[in-house]
Amino acid sequence: MGCMQDKKSHFISVSDFISADFITVKTDDSLIHTIKKILQMDLNSAIVMESNSAENIPVGIITLKDILRTIIDNNYRALTSILDNILARDVMSKPLIYAFLDQPIWDTLDLMYSKKVSILPVIDNHDKIQGVIRMNSILKNLSEF
């Protein structure tokens, strides 16, 4: 029990677990473009950025679960045509849930658990994306601390 308290009292932040392994798409990108990009990079999500802004600020996230739900909801009709005409903003999870670089890892775990998400974009104090943090990465690496 003392061991767990020692680990928990040691300040561990999101920056200890951040991954630069992510892709972005724009809100006006088609879903087929998004799927191709996700598959090409062997990931299971894409961070959605505002199309009409020069700022690099994330506004949503699209996961494979979001994509599959969209396909199923459309009953597989003219799949290619449907996916080519669906925009990223139509599928992204919103509002965007995110973590800050200096946020304690325990708070981040609580957030991910309460919101039932396994990946979060990580932003700095200027709302600029710095990477992503994944639940499995946190759990896998906590034993090292």
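The values are calculated or read from the model by the stated rules, or taken from the named source; none is laboratory data. Since the model is a prediction, treat every value here as computed from it, not as a measurement. Here the Cβ is made from the backbone with ideal geometry for all residues, glycine too, and neighbour counts use every protein chain on show.
Worth a mention:
- Exactly one residue out of Thr34, Thr108, Thr80, Thr63 is at pLDDT below 85 and of a type in the set (Ser, Thr, Tyr): that is Thr80.
- Residue within segment 101-115 that is in a strand (DSSP E or B) and more than 30 Å from Ile32 (Cβ to Cβ) present: yes
- Residue match in segment 66-84 (condition: among the aromatic types (Phe, Trp, Tyr), under 18 Å from Gln130 (Cα atoms) and out of contact with any Cys (no Cβ under 6 Å at 6 or more places or on another chain)): no
- Screening Ile97 with (1) touching a helix residue (DSSP H, G or I) at 6+ places or on another chain (Cβ under 7 Å); (2) more than 27 Å from Glu50 (Cα to Cα) gives one miss only, at (2).
- Condition broken by Asn125, with the remaining ones in (1) of a type in the set (S, T, N, Q); (2) in a loop (DSSP other than H, G, I, E, B); (3) surrounded by 13 or more Cβ atoms within 10 Å (Cβ to Cβ) satisfied: (3)
- For segment 59-99, the set of residues classified as buried (at least 18 other Cβ atoms within 10 Å of the Cβ), part of a strand (DSSP E or B) and within 16 Å of the chain's Cα centre (by Cα) consists of Val59, Gly60, Ile61, Ile62, Thr63, Ala99, listed by residue number.
- Condition met for Ile119 (under 28 Å from Asp16 (Cβ atoms), surrounded by 17 or more Cβ atoms within 10 Å (Cβ to Cβ) and not hydroxyl-bearing (Ser, Thr, Tyr)): yes
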